[in-house]
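Chemist: Dropping a structure here in structure tokens format, bear with me for questions.
The values are calculated or read from the model by the stated rules, or taken from the named source; none is laboratory data. This is a predicted model, so every value here is computed, not measured. Using ideal geometry, Cβ is built from the backbone for each residue, glycine included, and neighbour counts are taken over all protein chains shown.
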Amino acid sequence: MPALGERFRAAREARGLTLSDVSEQLRIRAVYLAAIEEENWPAIGAAVYARGFLRTYARFLGLDPEESVAAFNASSGAAPASTAPAPTAAEPPPAIAGPRQGLSPVIWVASLIAIVLVAYVVYNAMTLSRPATSVGDAGIAASASPLPSNTPGPGATDIAAAGASASPSGSASPSASASPGGPNTLELHFTSASWLRVSVDGGASIEGTFPAGTVKTFHGKTAVVRVGNAAGVEAFVDGRSVGVLGKAGDVVDRTFTL
């Protein structure tokens, strides 16, 4: 008697069918049908699946299903089938299930856009909430105002002395004197915005751009002053006015003995 696989192949070819034709009608993959005809049982997997496919294929070809299963048990050494139901032709073994598909590219793109937006919002929030640079009681801080174009040293950093920064309204800071007076004192009154740098007794300089209404007071023996808009600054020495320091827009250097 021909081998089990040969009987299935002969019956199929007698009907003029290809493995693809049978696969479409039985909804069994052609690779499993070929495995039956070649008696390549490991390619199918568990014996229960091989028996199910054998019965379905045998009925389709007009062969005896139980005889085919018995021949399979004898040739493969598989134990007789249990009472558990055999899988249907439309239910392939779990081992041959197709690969699990990953996330859709649209979901990946949407997730990436969401991450970028969140990072942008967080960055803006941190930038806006960052406090402005403040000046300590004895420190010197950098000012955001650039050196005027008619002042030497373009790009130099403006420096504001402790307590000398202007308030948001443009008025003088609380630490500045409101009126001239006192011995060994130099007071500079701003009638218009001007850049200023002062060094007292060779010590650390105060440097920055200050608005109209600002008053700066210095104590010592000698004060070296440079202004970027001389007409906007009036000087007082020991309470006496010495007049404005120059013409509008002029850069002027003055030395005062206090």
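Chemist: For Ile28, state whether it is part of a loop (DSSP other than H, G, I, E, B) and buried (at least 16 other Cβ atoms within 10 Å of the Cβ).
Modeler: yes
Chemist: Considering every residue within the range 193-210, establish whether at least one is in a loop (DSSP other than H, G, I, E, B), of a type in the set (S, T, N, Q) and crowded, with 17+ Cβ neighbours inside 10 Å.
Modeler: Checking the range 193-210: not a single residue is in a loop (DSSP other than H, G, I, E, B), of a type in the set (S, T, N, Q) and crowded, with 17+ Cβ neighbours inside 10 Å.
Chemist: From the residues in the range 8-24 that are within 15 Å of Thr56 (Cβ to Cβ) and in contact with a helix residue (DSSP H, G or I) (Cβ under 7 Å, 6 or more places away or on another chain), which one is surrounded by the most Cβ atoms within 10 Å (Cβ to Cβ)?
Modeler: Checked the range 8-24; the qualifying residue surrounded by the most Cβ atoms within 10 Å (Cβ to Cβ) is Phe8.
Chemist: Let me ask something else about it. Taking the condition of being under 60 Å from the mean Cα position of the chain (by Cα) and at pLDDT 95 or above, how many residues in the range 58-82 meet it?
Modeler: Looking only at that region, the number is 0.
Chemist: List pairs: first in the range 1-18 and in contact (Cβ under 8 Å) with a residue 24 or more places away in the chain, second surrounded by 12 or more Cβ atoms within 10 Å (Cβ to Cβ) and of a type in the set (Phe, Trp, Tyr), Cβ under 7 Å, 6+ apart or cross-chain?
Modeler: Leu4/Phe72; Phe8/Tyr57
Chemist: Over 13 Å from Glu187 (Cα atoms) and not small (Gly, Ala, Ser), is that true of Val225?
Modeler: Taking the combined requirement at face value, the residue does not satisfy it.
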